[in-house]
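A short worksheet on the structure shown next.
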Amino acid sequence: MDTLTTPWSSVNKWLKGAVIAIAVSWMALYPIYTNYYRGYAIEQYNRLLDFKSGKSMFFNPWQYRVLCPWLLEAAYQVADATIFRLVDFSNAGLRPPDNSGDKNELTKRMMELTQNPEFIKYNIIFVGFRFLEHLLIFGLAWIYFSHFTANRLMRWLGLMLIAMMMGNAVIDSDLSFNTYMDVILYLLAGLVIMRNLSPWWIVAITTLGAFNRETSLLIPVIYFFGQANYAAAPHWINVFLN
């Protein structure tokens, strides 16, 4: 009997894995789609070029929010020297149809920008980078949620809500790489606190976060409050907290 059921159990396990992979991929791609369709994702290319030329909107005597642009440019240079050489991007642009009047302005503009091969290549990197950020967020959130509930359905619901909220947080927004990197770093810090890991992890996460976005400097504050002994706090603080 075992020899008869084993193949079926293997098939069921494979199907379950495939369904989960498709569901997670869809959740990771949905916010990217809405960013392009209802946000300003197509502005990301020019904003990265501005960063490279020292004209970033975050430029001052020292340029901050540099981590993600550095990672994106490094990924682009590696891809451009390797896999992008295997594809001819010169004719890869989207040709606007004659009846393009039913397209919204962002869609029409994106079709025009795809005539630039460099725009296409950079946007492949952009989509891949955001996709990986989303996967990291989902993975870390799943582990973080496990500290509060063992119910897998509740954790799946949490991930679906995260995907939905990210998909709607696109108004006046480009691809916001540094924002989602911030989410990753805060989730890492949350796991350090929940698992009582060494405070040196907070130092490392904060140092990395300082290159990404100034809001990461609040991570040590959260760690401090997470480690405070509220039982020994003055009575008025306990009253306030309760």
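Tabulated data for the structure shown
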item: Per residue, in Å², the accessible surface of the range 91-229 once ligands and nucleic acids are set aside, probe 1.4 Å; result: 56
item: Cβ-Cβ FRET estimate between A210 and N46, R0 fixed at 45 Å, reported to 0.05; result: 0.95
item: Vicinal HN-Hα couplings computed from phi for the range 21-34 (Karplus, 6.51 cos²θ - 1.76 cosθ + 1.60; Hz; Gly/Pro x); result: 4, 5, 5, 5, 4, 4, 5, 6, 8, 4, x, 5, 4, 5
item: Per-q log10 I(q)/I(0), the range 104-237, q = 0.09, 0.10, 0.18, 0.23 Å⁻¹ (Debye; single scatterer per alpha-carbon; no solvent); result: -0.39, -0.47, -1.12, -1.38
item: Order by protection proxy (mean Cβ within 10 Å, highest first), peptides 130-142, 76-88; result: 130-142, 76-88
item: Amide H partners (placed H, <5 Å) of S173, local residues excluded; result: Y40
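The values are calculated or read from the model by the stated rules, or taken from the named source; none is laboratory data. Just so it is clear, the model here is predicted, and its values are computed rather than measured. Methodologically, a virtual Cβ is constructed for each residue, glycine included, from the backbone with ideal geometry; neighbour enumeration extends over all protein chains shown. Just so you know, the surface numbers come from the protein's heavy atoms only, side chains and all, with ligands and any DNA or RNA stripped out. Shrake-Rupley method; radii C 1.70, N 1.55, O 1.52, S 1.80 Å.
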